[in-house]
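Reviewing the structure listed below.
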Amino acid sequence: MKIRVERDGLAEAVAWVARSLPSRPPVPVLGGVLLDAGGDSGDGADTLTISGFDYEVSATAGVPSTIAEGGRTLVSGRLLADITKALPAQPVDISVEGARVSITCGNAKFSLPTMPVEDYPELPAQPELAGEVAGDAFAQAVAQVAVAAGKDDTLPMLTGMRVEITGSTLTLVATDRFRLAMREFSWQPAEGITDSAVLVPARTLADAAKSLGSAGTTVQIGLAGGDGLLGLSGGGKFTTTRLIDAEFPPYRQLLPSDYSSRAILHVPALTEAIKRVSLVAERGTQVRLEFEDGSLRLAAGGDDEGSAEEELPVDYEGEPVTIAFNPSYLADGLGALHAERAELTFTTPNRPALIKPADDNGEVVPGYLYLLMPVRLPG
């Protein structure tokens, strides 16, 4: 193999592929990236294809290049990412001689050992197109929901994000049992796609959506139910992830249908107050929200560990009440709204509360909700 490629495109593609590689691969080849100088971009131009795959997640990116000699080689992904990031802003020459690959850029030259290409697993095929969505909208929606996903790998169904396809509506849901986030938005389904639902690793989906979701990019979503794969592509990059084979909790029955208390909150002011008051909350245990007409008092701590309180003006409807939340979970929900104002509704201090984005008039902006379980107050 002997090729020349622009440094910026190479570094970006290698970094994108390498980020999906396992930090501790079970076998060395799964920590490698595959460089394939044998294809074209469809318009006759030479393309270097860079890929990574660990049997769970695959990532592929194409980079325009000048190919003098085609070929394939496998090298350490993390090391190649570090090297390409540090190269000077000049064209990069890559060549393979025997069991080593040479990388030359300006006055910098690196020589790396290759791994056996024949031991590398076959990359999964691109799943059938299910539909497409604006990249920036998709990235924001996934991030809004991923905040509520569980991190305990012993409960795999809670580490996933449920993706529901219902006609021209996509619904994303995640929960860790203590909070739940749901986002509904429009997309363009492919012709003949039937309604379905799959469970995708939330962390993987969030990373992929963030990197694919630049403004102006269209993200294509593919599903291969029989193979248990979801695929995402956009901007010359393509990734697949294996679905989670587990039953997601019946979440809709958890959503409250009514409320007796309603507050319209100023999100930036409340977020800053939570940060200050929770400094004395032992291990982030709870922050108490004491509502009455026109006033919200935040309080945390006690006599033993110190205490703090702060008062904010609020539009409130309902009887005076005190409800407590985990401050980190509450701040996560407020941060995911992407709104200056929020509606908080609940029935009793022991029942789930709902947080939704609101406009300047206090009217709910549909499409997103964050359900949060209160912390039980002592006594």
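Looking at the chain, what % of the alpha carbon pairs are farther apart than 27 Å?
57 percent
Per 5 Å bin, what percent of the C-alpha pairs of segment 2-119 does each bin hold, from zero upward?
Once binned at 5 Å, the Cα pair distances of segment 2-119 give 2, 12, 23, 27, 21, 10, 3, 0.
Number of Lys pairs in the chain with C-alpha atoms less than 30 angstrom apart, excluding same-chain neighbours closer than eight positions?
The number of close lysine pairs in the chain is 15.
Using a simple spin-label model with points 7 Å from Cα along the Cα→Cβ vector, what separation in nm is obtained for Ala197 and Tyr55?
That separation, rounded to one decimal, is 3.0 nm.
Can you show me the helix-derived [θ] at 222 nm for the chain, built from DSSP H runs with n ≥ 4 at -39,500 (n - 2.57) apiece and divided by the number of residues, rounded to the nearest 500.
Taking each H run of at least 4 residues, the total per residue is -5500 deg cm²/dmol.
Explain nothing, just the number: dipole magnitude of the chain about its Cα centre with +1 on each Lys and Arg Cβ and -1 on each Asp and Glu Cβ, in debye rounded to the nearest 20. Could you put the intermediate results ahead of the total?
Numbers: 30 positive and 51 negative charges, 190 e Å.
The calculated dipole for the chain is roughly 920 debye.
Per 5 Å bin, what is the whole-percent P(r) computed from every C-alpha pair distance within segment 255-372?
2, 12, 23, 26, 22, 10, 4, 1, 0
If you take the Cα Rg of segment 128-252 and divide it by 2.2 N^0.38 Å, with N the number of residues, what do you get?
0.96
Mind pulling the per residue volume of the convex hull built on the Cα atoms of segment 87-192? Å³ is fine.
Taking the convex hull of the Cα positions in segment 87-192, it is 223 Å³ per residue.
Going 7 Å from the Cα of Leu312 in the Cα-to-Cβ direction, what parts of segment 268-283 have a backbone nitrogen less than 20 Å from that spot?
Counting only backbone N, you get 268-282.
With the dipole of segment 85-185 worked out from charges on the C-beta (+1 for Lys and Arg, -1 for Asp and Glu) around the Cα centre, which of Thr154, Cys105, Ala86 lies farthest toward the positive end?
The one lying farthest along the dipole's positive direction is Ala86.
Read-outs: derived from the displayed coordinates by stated rules, not from any lab. From a predicted model like this one, the values you see are computed outputs, not experimental measurements. All Cβ positions, glycine included, derive from the backbone under ideal geometry; neighbour counts span all protein chains shown.
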